[in-house]
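Trainee: First the structure, which I've put down as C-alpha cells, then a few questions once you've had a look.
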Amino acid sequence: MESLIPQKKNNLLSSYYSDILKRRSGDEIMVLANIKRFVDCCAGSGLLRKSLKENDLEVAQFVCRSHRIDLEVETLLPIWHDLFDVENRKSDRNDNKYQKMWCEWVSDTEKFREKYKEAGGECQNTKFRKWRGRQIERCKTELGDTKRITHSVAAIELSSGCSVGCWFCALDAKKFEGYFAYTPENSSMWAECLSVLTEELGPALQTAFCYWATEPSDNPDYVKYIKDFYDVVGLFAQTTTSQPLKNIEWTKEVLKLYNNENAMPCRFSLLNYNELLKVHEIFSPVDLLTVELIQQFKGSMTKKSRAGRLLMNGTRSGYQTLGSDDVGSTIACVSGYLVNMPERRVCLVTPCMADRQMPLGYKIIDECFFKDAGELRDFIRGSIDTYMQEYLSSDDYVRLRQDIEIRIIPDGIELVVTPSNVRIKCSERYGSMLKILSQDGVSVRVFMDKMLEAGKDYFEIMNDLQQFYDMGFLEDLSAVKVN
Ligand code: SF4
C-alpha cells in the first residue's frame, strides 16, 4: 500500500521520537536503559523501595542484581532521592551525571507527549480540529490533570472483545468473541478504511492505534495490520499489550518492528510482580528503554483508574487497598473515532469523568454500523457536520456545564468544577452572562435578547459566549448516549 501522506514523512511524530534516541551515544543509551530499569523496579517493588528508604543497600543490591541492572545502587541513589524520597531530595540535579542524564531523558519524553497531542491537531478539517480543541479544553477543567490524555483522533479494534479479562478493566472489555482475520476480503476492506481515515483526518491519523478494549495479541494477524498501517500512515502505531509473555516470539517480532525510526513507543501492561521479573529476564535493558511498563499490581506505585469494572464493582475500602484514583477518572484518550473492524461499527467518542452514568470514562456522541469504507466515510463526514459546528448560531441551545458551580468571591467570580476541584477566576463582568447560562438551556437568540436588555454590547457578548464555547464550559446539548 502506498502512503497517502508522503509529504509529511519528515514531520512524523515518530521522527521526533527517534531523534531523542539519535541524539544520545551508544554508551548513554546503555546507561539510560539501566537507569530506566532501576526506576521501573522502584515503581514496582515495594521491597526495593523499603530497603532504599532504610538505606539497606545489601537488599537493594540483591533486587537490582535479580533484575539484571548493570549499575551500582550507590550511583543510582540520587535518582531514587529525586523521584521517590522527598526528604533527601537535592535541588541541584547537575551534581550527578546519571541524574542529569535521566532528567534530560524524562524531559525529552515528556515533550514528546506534548508533540503527540499537537499532532492530533494536524487534521485539515477545521471543524474537526476545533471540536477536538474544545474537548481538550473541556477535559482540562472536567478532569483536572489531563497530561496523559493524548486525544488521539482514532482507535481501531482488530478483535471483538478481549480474552484477558482483567478484573480492573477501565474499559470493561466484553469477553473475546473473535478477531478480524487477514483474509483477502478483510485486508482490502482494511486498506480502504485506512485510506478513508487518512483522507478525512490527514496527518492527525499518526496518533491512532490499533486496539481499545481489545488485546493486540488476540489477533494472530495483528502484525500484518500494523505493517499496512505503516505503509499508509508512515509509522508503526503504538502497541500496548498486557500479554508480553504469552507468546515471546510474537512480542519479539513486535519489538523488532518498533526498532525502526518511524515507530511510536510501545507499552507492556504487567499484571503481577513475577511478570516484571520475567520481562526483565527475557528482554535486555536496551530492548525496554522505549517500552513503558505499566505495573498494574499490588505494591506497585501505579494508581488504577477508577473507571469501568473497578468503578462498577469496587468498594471504598477496596479502592484504597488497590491504590486507585480518589475520584472517578478515565483512561480513554480518544477524541475522535472508535472503529471496530470485525463488528464494522464506528463511534464518535471523547473522554469524560467516569461516574455511574458514564462508567467507561468516555462519551459516545454517535455511532453506526458500516457495510464498507464508503459508509465509514459517510459517518465521519455526517458526524463532523452534525456535532462539530465552529460557531454558535442563534437557534442553538446553550447552558453552563452542570459540573460547574458559580461562587462569588471578594474580587470577582470563581467557577468551581466538581469533582476535579478545578477553580477558574473570572471578572465580575461575566456575572449576568453566567446567571442566564446557569439556568435551564436557553437559545442563543433568547440569551442575546436578555443580555441586550441588560444594556450589554452585542459584539462583546457574542465574543464572550463563543469563548465559553471554545473553552468547553458549555454543555454539549446534542444527544449523548450513555455507554
Ligand atoms: S485491561 Fe486490557 S487486557 Fe485487561 S481486560 Fe481490559 S482490554 Fe483486556
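Trainee: Pull out all pairs, ordered by first then second residue, where Cβ-Cβ is under 7 Å, the residues are six or more apart or on different chains, the first lies in the range 301-315 and is assigned by TED's automatic domain parsing to the domain that holds A170, and the second is within 11 Å of the ligand (Cβ to nearest atom) and modelled with pLDDT under 80.
Mentor: L310/K304
Trainee: On to the next question. Only one of D378, D385, D366 is within 30 Å of E199 (Cβ to Cβ), touching a helix residue (DSSP H, G or I) at 6+ places or on another chain (Cβ under 7 Å) and not in a loop (DSSP other than H, G, I, E, B). Can you tell me which?
Mentor: Working: D378 fails: touching a helix residue (DSSP H, G or I) at 6+ places or on another chain (Cβ under 7 Å); D385 fails: touching a helix residue (DSSP H, G or I) at 6+ places or on another chain (Cβ under 7 Å).
It is D366.
Trainee: Starting from the range 205-216, keep only residues that are at negative phi and of a type in the set (V, I, T), then list their pairs with residues that are at pLDDT 95 or above and near the ligand (Cβ under 9 Å from one of its atoms) whose Cβ atoms are within a distance under 6 Å, requiring at least 6 positions of separation or different chains.
Mentor: Pairs that qualify, where the first residue is at negative phi and of a type in the set (V, I, T) and the partner is at pLDDT 95 or above and near the ligand (Cβ under 9 Å from one of its atoms), are T214/C162.
Trainee: Still on this structure, please answer the following. Evaluate the range 448-470: report whether one residue or more is in contact with a strand residue (DSSP E or B) (Cβ under 8 Å, 6 or more places away or on another chain), modelled with pLDDT under 90 and not assigned by TED's automatic domain parsing to the domain that holds T141.
Mentor: no
Trainee: Another question, then. Out of the residues in the range 181-221 that are within 16 Å of the ligand (Cβ to nearest atom) and part of a loop (DSSP other than H, G, I, E, B), state the one that is farthest from L310 (Cα to Cα).
Mentor: Across the range 181-221, the extreme among qualifying residues is N219.
Trainee: Would the range 229-236 turn up any residue that is within 16 Å of the ligand (Cβ to nearest atom) and outside the structural domain of D70 (by TED's automatic domain parsing)?
Mentor: As a first pass, look at the range 229-236 and keep what is within 16 Å of the ligand (Cβ to nearest atom): none.
No, there is no match, as no residue in the range 229-236 is within 16 Å of the ligand (Cβ to nearest atom) and outside the structural domain of D70 (by TED's automatic domain parsing).
Trainee: Right, something else. Mind listing whichever residues of the range 107-122 are surrounded by 13 or more Cβ atoms within 10 Å (Cβ to Cβ) and not charged (D, E, K, R)?
Mentor: T109, F112, Y116, A119, G120, G121 - these are the residues of the range 107-122 that are surrounded by 13 or more Cβ atoms within 10 Å (Cβ to Cβ) and not charged (D, E, K, R).
Trainee: Please tell me if A43 is under 25 Å from the mean Cα position of the chain (by Cα), crowded, with 18+ Cβ neighbours inside 10 Å and either modelled with pLDDT under 85 or in a helix (DSSP H, G or I) (or both).
Mentor: The answer is yes for A43.
Trainee: Same structure, new question: Answer yes or no as to whether T241 is within 16 Å of the ligand (Cβ to nearest atom) and buried (at least 17 other Cβ atoms within 10 Å of the Cβ).
Mentor: So T241 passes the test.
Trainee: Take the conditions at pLDDT below 95 and more than 16 Å from the ligand (Cβ to nearest atom) and apply them to D145. Does it pass?
Mentor: Here the answer is yes, as D145 does meet what is asked.
Trainee: On the given criteria, is I69 assigned by TED's automatic domain parsing to the domain that holds N96 and under 29 Å from the mean Cα position of the chain (by Cα)?
Mentor: no
Trainee: Something else now. Checking the structure you have, find out if any residue of the range 160-167 is under 22 Å from K246 (Cβ atoms), within 16 Å of the ligand (Cβ to nearest atom) and without any contact (Cβ under 8 Å) to a residue 40 or more places away in the chain.
Mentor: yes
Trainee: Which residues, counting only those in the range 347-363, are of a type in the set (A, V, I, L, M) and either within 15 Å of W131 (Cβ to Cβ) or not assigned by TED's automatic domain parsing to the domain that holds R306 (or both)?
Mentor: Within the range 347-363, L348, V349 qualify.
Trainee: For the range 64-167, which helices (runs of 4 or more DSSP H) that fit wholly inside it have 3 or more residues that are under 30 Å from L205 (Cβ atoms)?
Mentor: Correct list: 97-119, 126-143.
Trainee: Among (1) out of contact with any Pro (no Cβ under 9 Å at 6 or more places or on another chain); (2) within 16 Å of T290 (Cβ to Cβ); (3) at pLDDT 85 or above; (4) hydroxyl-bearing (S, T, Y), where does S15 come up short?
Mentor: The number of the failed condition is (3).
The values are calculated or read from the model by the stated rules, or taken from the named source; none is laboratory data. Values in this document were obtained by computation on a predicted structure and should not be read as measured data. Cβ atoms come from the backbone with ideal geometry, glycine included; neighbour counts cover every protein chain shown.
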